[in-house]
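The values are calculated or read from the model by the stated rules, or taken from the named source; none is laboratory data. Quick caveat: nothing in here was measured; it's all calculated off a predicted structure. Note that we place each Cβ from the backbone using ideal geometry, even for glycine, and neighbour counts take in every protein chain shown. Accessible surface is based on the protein model in full, side chains and every heavy atom, while ligands, DNA and RNA are left aside. Shrake-Rupley method; radii C 1.70, N 1.55, O 1.52, S 1.80 Å.
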Amino acid sequence: LVPPPDIQHLNVLVVDDCADSRLIMQKMLESFGLRVKLVSSGEKSIEALEENETREEPFELVVIDWLMPGLDGIETSKKIRKDLKLTIPIILMTAFGKENEMLDAEKAGINAFLTKPIHQSTLFNAIMDTFGKKALKIEEKEKHITTRATIYKNFLRGIRILVAEDNLTNQEIALAILEGAGIVVEIAQNGKKAVEALQRSPFDAVLMDIQMPEMDGYEATRMIRKDSRFKSLPIIAMTAHAMKGDEEKCLEAGMDGYVSKPISQDRLFYTIWKSMKHQKKALYSGEPETPEAIDNTVAQTEELPERLPGINIQDALSALNIDKAVFKHILTGFLKNNKESANKIREAFDKKDLELLVHLVHSLKGSSGSIGADELYKAARELETAGREGAATSALLERVETALNRVLESLQMLTDTSKTEPLPGKERGPTLGVDPAQVMPVLKQLADALDLAEPEEIKKHMEVVRKYLDISILENLEDQVNDYEYDKALKMLKGIMEKMESRLEQKGDNSGKN
């Protein structure tokens, strides 16, 4: 196991009162090419770090045991941060879990946690993660890293979050990440619908995209804050347009936090937790799940290549930490939603409609970054920046078109091999050759749920409707529901119901004649 060049030969301070543990850690760290100094207590580590910034070879990483006599790992970390004012990364070795311990560690500024027994591969991955590098894929039995995201997720299970996001790919990603943490999620397609959703249902927090049609995130937040009921409701901004001053604008609008896209699970869950920890509602306080139970989210049943031309699938999966089958569904959605994107962007460019051009490219940038389409993300970002400055060129537009076509061709190949299977559990139903009297009550329940725009109820009733509708009709209805086009789905469903009612009337007439 060899770390990348920029973190090779790091100077590491290992702090552990157990001599055997110190020697084991030394051997593992030195096997990575790192330079190690061992100390036996928190007090001695403080002494070693006192002159760190003026040392000829300063320490660049601290690996410290939690349970030690005298100064324990958390108290030592607090002193490193507050007294010595060092920002050096700290990895804590612990059997971590309880909320009060997590709060203490958060205040201490600890960057990552390792649960014992510590394996060489998990130690390596913890170091890579701490320095923002891609971790190795390791065997399930060796997974003992408890990341900050894992800990925050434990205490967020069961809360209700409203996600205001107009980009379909980002909607699906938000659902996958949040629902994967046991969070109940509802999607609003823009700021106006977010405001309306809050009037209908209670939520514990709101994730608010900044740039949305009809009503952007800033305006929506200001409207929400005018209602005294929502004065302290946590609202967290999400944006792919991370520029200097954006965070200040979000705070001025009344938001509590800020996360940039593509979304990092660590940052996202930390920001949600931080914004909610002072709320009166208690967060989940049961026993935390084991790291194995939480981190093992990549299903082995759905094969995906590590890379496709234009898409780094493995990097995206690592960042999102979601199931492969779910990610494949998201990729399929990206293909469907972006088949006309190049034409729309070029049309806006030709018409010199810079506002529309920036909006379209901004949306494409956000979703391409989330799925690991790095080349497309960079090309879209450059065109967006140029569009904002009134300096968009044909060359920049062609770069976006080329990168987008490459991604779409790859995704078309991927779907051609699997014929776009639905997510697990979404089997297709039989034909319309069923008794209308039996189907009508089921359709009515779904229509009522669509009319109220209640995602959980819609999902429940769609499961029942699948047993009755013809596959061609069902596919169109499901597409509209999955895209949160509830008005269109309701209109289509009413058309189906009218035909059913007509059949019932004909049946009644025939019965009368007999």
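Brief remarks on what is shown
- Separation of the residue 389 and residue 340 label points, Cα + 7 Å toward Cβ, nm: 3.2 nm
- Largest first, the residues 51, 56 sort by 1.4 Å accessible area into 56, 51.
- Computed E for residue 6/residue 201 - FRET, C-beta separation, R0 60 angstrom, nearest 0.05: 0.80
- Rounded to 0.05, the FRET efficiency of the residue 75 and residue 37 pair, given R0 = 22 Å and the Cβ-Cβ distance, is 0.60.
- Remark: the residue 415-residue 30 segment gains 134.0 nm on full extension, using 0.36 nm per residue and subtracting the alpha carbon distance.
- Here the simple spin-label model places points 7 Å from the Cα toward Cβ, and for residue 18 and residue 351 these points are separated by 6.8 nm.
- Taking θ as phi - 60° and the Karplus parameters 6.51, -1.76 and 1.60, the scalar couplings of segment 40-57 work out to 9, 7, x, 4, 5, 5, 4, 4, 5, 9, 4, 9, 4, 6, 9, 5, 5, 10 Hz in sequence order, x denoting glycine and proline.
- Accessible-area value, residue 63, 1.4 Å probe, nucleic acids and ligands omitted, Å²: 0 Å²
- Residue-level accessible surface for residue 204, protein heavy atoms, 1.4 Å, Å²: 30 Å²
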